[in-house]
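Bear in mind these aren't lab numbers, they're just calculated from the coordinates by the rules spelled out. Model, not experiment: these values are computed from the prediction. Cβ coordinates were reconstructed from backbone atoms using ideal geometry, including for glycine residues, and neighbour counts include every protein chain displayed.
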Amino acid sequence: MKIFRKLLIAMCLLEALLVSSEVQARGRPTPSPTPRGPTGRLIVQRAPNFGTDLSIRLSIDGKHAANIPRNQHYGGVLPAGRHTVTALALPNTQSRRPTSIVVTIKPGKVYIFTAMWESDRLVLRPSDYYTPTTRANR
């Protein structure tokens, strides 16, 4: 009986060690670094009638920034300068092309864009207002 007990304890310790090393190997997700120097803020929100089953894949300067589902928005800080903001509606069942705009971020300014449909084309329009929603995942 003592051998069985020792074997069971050894197996539990081995399992705990394996789980611990797996968690350490995956690491913690790290937040995007905050840009140094002068920055501005970018917010991309969805129009209320954008579509319940659609999300927006947002990229900034060719790098994935967020997926924006219903009732959520993207909010981020960008270094001052010229940036390309690209949006694509997902699922892309009609093989639409992504839409892109160029934004010149000025220090201390806030830029708000609303993703909406014009006919069957996704567009990003400058907005004067922000509709409070939950911040989208990155």
Can you tell me which residues in region 64-86 are farther than 18 Å from ALA115 by Cα and part of a strand (DSSP E or B)? VAL77, LEU78, PRO79, GLY81, ARG82
Kindly evaluate ILE112 against the criterion of being touching a strand residue (DSSP E or B) at 6+ places or on another chain (Cβ under 7 Å), part of a strand (DSSP E or B) and surrounded by fewer than 18 Cβ atoms within 10 Å (Cβ to Cβ). no
